[in-house]
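J.: Dropping the structure in here first, questions after.
Since every read-out is calculated from the coordinates, none of them should be taken as a lab result. All figures in this text were calculated on a predicted structure; none of them were measured in a lab. So basically every Cβ, Gly included, is an ideal-geometry build from the backbone, and we count neighbours across all protein chains shown.
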Amino acid sequence: MLVNISNDGWYGDSGAYAQHLKQSRMRAVENDRWLLLDTNTGVTAAIDPDGRIVASAPRKTRTALRAPYALINSTTFYTRHGDWFAYLCAIISIAALLMRLWIRSRKET
C-alpha cells in the first residue's frame with residue numbers, strides 16, 4: 001500500500017489538484033498497489049491498483065474518510081526494474097539518430 005500525504009493548499013484554486021489526483025492514480029497502477037491520498041485542500045481518495053477511485057472526499061472539506069484498501073504482495077515489472085526500459089529506449093533512439101547522421105554525412109562526401 002502506498003500513502004501520499006500532500007499539502008495542496010499552495011496550488012490555490014488552480015486545476016493542479018486534479019492533476020495531482022491523476023498522477024496519484026498512475027502511481028497506483030504502475031506499482032499495482034492501493035494508494036491512499038490525503039490532502040489538506042485537494043481531493044482525499046482511496047485508489048485501487050487499477051487506478052479507480054474507490055472512495056473520495058471532496059476538496060476543501062474537513063472530514064475523515066473511511067476507505068477500503070488491501071495489502072498486496074506481488075511486484076510489477078516497473079517496481080522490480082525501474083526506469084531501465086525507458087533508458088534503453090532513449091539509448092536506442094540516440095544511437096539510431098547518430099547512425100542516420102553518420103550515413104547522411106558519408107553520402108555527402
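J.: So which trypsin sites (Lys or Arg not before Pro) in region 50-109 end up in coil per DSSP with only 14 or fewer other C-beta atoms within 10 Å?
T.: Arg52, Lys60, Arg62, Arg66
J.: Quick check: net charge around Phe77, other residues with Cβ under 10 Å of its Cβ, Lys/Arg +1 and Asp/Glu -1?
T.: Summing Lys/Arg as +1 and Asp/Glu as -1 gives -1.
J.: Can I ask one more? Under the 0.36 nm per residue contour assumption, what length would be gained going from the current alpha-carbon distance of Ser56 and Ala86 to full extension?
T.: Computed gain between Ser56 and Ala86 is 7.5 nm.
J.: Quick one: compute the contact order of the chain, relative version, from alpha carbon pairs under 8 angstrom and 6+ residues apart, as a percent.
T.: It rounds to 21 percent for the chain.
J.: Hey, another quick one. Looking only at Ile91, Ile72, Ile47, which one moves most when the chain is put into a Gaussian network model with springs between Cα atoms under 10 Å?
T.: With Cα springs under 10 Å in the chain, the top fluctuation among Ile91, Ile72, Ile47 is at Ile91.
J.: Hey, in the GNM for the chain with a 10 angstrom Cα cutoff, which one of Ala28, Ala57, Ala45 fluctuates hardest?
T.: Greatest mean-square fluctuation among the candidates belongs to Ala57.
J.: How much length is gained if the chain between Leu97 and Met1 is pulled fully straight, taking 0.36 nm per residue apart and subtracting their Cα-Cα distance, in nm to one decimal?
T.: 30.5 nm
J.: What angle do you read, to the nearest 10 degrees and between 0 and 90, between the alpha-carbon axis of helix 16-31 and the longest principal axis of the chain?
T.: 70 degrees
J.: Now for a separate question. First select every other residue whose beta carbon is under 11 angstrom from the beta carbon of Ile47; then total the charges, Lys and Arg +1, Asp and Glu -1.
T.: Every neighbour counted, the sum reads +3.
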